[in-house]
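Computed from the coordinates by the stated procedures, all read-outs in this text should not be read as laboratory data. Computed from a predicted structure; not experimentally measured. Backbone-built Cβ (ideal geometry, glycine too); neighbour counts: all protein chains shown.
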Amino acid sequence: MVRTLRIFRKDARRLWPGALAYVAVMALAATHRPWSHNISTWETLPLLLAPLACWVLAVTLIHEERLIGDQQYWLTRPYTWKDLVAAKALFLVAFVNVPLFICQFAAVASAGISPWEWLPALLWRQGSFSRSSS
């Protein structure tokens, strides 16, 4: 667990600008009001950028660990693949799923619907990013 948290902290230190950009895009996407009839192209742009920002952050996270070479972190401080996968999953939960859940919760509340009634559906939706901003 200590190694997992160490890898998570390393990733958080290196990728905080990308995570901040993703959170900003998600916040803009949460302000989108689909029930409005006069929607401009600029208002739908965050809806298109949110999945792209998520994928860029996830790909960057995966590519943080170089696998080839003789001067890699793997050789100086070896850790198991389970520690690595757990750290990457923890990062995705902390910096992708939690902001996504907060934005969806706020969007449902701003639509005048009780988000507590729809909490199971909001939690279920965390596994799928296909319709993340509603």
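Tabulated results
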item: Local electrostatic count, F8, Cβ distance below 12 Å [Lys/Arg +1, Asp/Glu -1]; result: +4
item: L119 versus R13: modelled label distance in nm, points set 7 Å from Cα along the beta carbon direction; result: 3.7
item: Point-to-point label distance, A89-I102, nm (Cα→Cβ direction, 7 Å offset); result: 2.3
